[in-house]
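Data first, discussion second: the structure below is written as structure tokens.
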Amino acid sequence: MNTRVGTIGNAAPLVADAAPMIDPFGRAVTYLRVSVTDRCDFRCTYCMAENMTFLPKKDLLTLEELDRLCSAFIAKGVRKIRLTGGEPLVRKNIMHLVRQLGRRIGSGLDELTVTTNGSQLARHAEELYDCGVRRINVSLDTLDPEKFRRITRWGDFAKVIDGIDAAQKAGLKIKLNAVALKDFNEVEMPDMLRFAHGRGMDLTVIETMPMGEIEEDRTDQYLPLSKLRTDLERQFTFTDIDYQTGGPARYVKVAETGGRLGFITPLTHNFCESCNRVRLTCTGTLYMCLGQNDAADLRAALRGTEDNGLLHAAIDEAITRKPKGHDFIIDRTHKRPAVARHMSVTGG
Ligand code: SF4
């Protein structure tokens, strides 16, 4: 028996009691990350080549199609959606999708969040809050405007700080994400920690993920977080805590600042056993694991029919292929990543 809860555009009614998504290893999929665009107004050196070739617009799902897909996932048990990119806020009319999804909060969806580089935040912060977003992640790798320009190639540090100010003023809780890069921000981490915690923001540091061909040599950038942690513990006192945000970060409480610091270590620590997430790209490709190449084409199922039952069947089939764990390996001989797509395609 299906319970009808609404329609999207001309599509068939949504079903609220579609079968939940349980993968072959017994993990319930409750978290969907949606990369709404592969484009970005920055060109971070560890993420993109300077002359990126982006997807042709015709390959992108429309915002209505993204909404219909997200709704299918909510009907199948997704409780949390994070919009990512590229940079999600550079997608034209993105707030239309945010508003649509925000209406689902409390009826299926528990939380809608956004990961942003902060460049467009000053413009959108109030509306994000108005749409029901309460927490956002802002990617920020340095507090030095000149270094910021160097790592992002095109970014303006002052604009990001304005964005953070506006978001906090609007009532959004912010977590800063910093990619740990050897010889780049290693020495700055104590300051970043004080900056984040001084403004009431959590900070998460992330090991570089070997995804997508770029011009730099990733093996030179790799900074193990175990080393970073040891260095930080010369100045700060950490206590491991059981704080969970539904993500892979392991958190510590920092005695000197009272704030939380998270570590995400895809290379040196396997966080797969509790994985509850899948990733959807802006072309409707579903990646069941960030660190594997296997994917399902949901665009065909979406465009081929208005019958949501078939769409649900395509999602179910994809979930049966969710692998046990990731396969991040840097091919050191060829200096190539094991996963060739860029992080800006799947949104990290
Ligand atoms: S890391 Fe984020 S901000 Fe930087 S280029 Fe990639 S998508 Fe853009």
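Rounded, prolate or oblate, given the Cα gyration tensor of the stretch 96-135, with a/c below 1.5 counting as rounded?
Taking the square roots of the gyration eigenvalues as a ≥ b ≥ c, the stretch 96-135 is prolate.
State, to one decimal in nm, how far the label point of ALA255 lies from the label point of ASP156, with both points 7 Å from Cα in the Cβ direction.
Between ALA255 and ASP156, the label points sit 4.4 nm apart.
With each label point set 7 Å from Cα along the Cα-Cβ vector, what nm distance links ALA300 and GLU126?
Label-label distance for ALA300 and GLU126, simple model: 4.7 nm.
For the stretch 41-94, run through the GluC sites (Glu not before Pro) and keep only the ones in DSSP coil with at most 12 other Cβ atoms within 10 Å of their Cβ.
Those satisfying the criteria are GLU50.
Over the stretch 94-226, with the other protein chains present, what is the accessible area per residue in square angstrom, probe 1.4 angstrom?
39
Convert 20 °C to kelvin, take the viscosity as 1.002 mPa s, use the Kirkwood radius over C-alpha pairs of the stretch 120-196 as Rh, and evaluate the Stokes-Einstein diffusion coefficient in µm²/s, rounded to a whole number.
Value of D from the Cα-based Kirkwood radius: 164 µm²/s.
With no solvent and one point per C-alpha, what does the Debye sum give as log10 I(q)/I(0) for the stretch 45-189 at q = 0.09, 0.11 Å⁻¹?
-0.31, -0.47
Given Cα pairs under 8 Å that are at least 6 residues apart, what percent is the relative contact order of the stretch 85-148?
This gives 36 percent for the stretch 85-148.
Could you give me the ³J(HN,Hα) list for the stretch 280-297, computed from phi with Karplus coefficients 6.51, -1.76, 1.60 and θ = phi - 60°, whole Hz, x at Gly and Pro?
Ordered by residue, 3J(HN,Hα) equals 10, 8, 6, 9, x, 8, 9, 9, 7, 8, 4, x, 10, 8, 5, 8, 10, 8 Hz.
Can you give the extra length, in nm with one decimal, that the chain gains between ILE241 and GLN168 once fully stretched, where that is 0.36 nm per residue apart less the Cα-Cα distance?
Value of the extension gain: 23.8 nm.
The values are calculated or read from the model by the stated rules, or taken from the named source; none is laboratory data. Remember, predicted model here, so these are calculated numbers, not experimental data. FYI the Cβ positions are ideal-geometry reconstructions off the backbone, even for glycines, and counts take in every protein chain you see. The accessibility values were calculated without ligands, DNA or RNA, using every heavy atom of the protein model including side chains. Shrake-Rupley method; radii C 1.70, N 1.55, O 1.52, S 1.80 Å.
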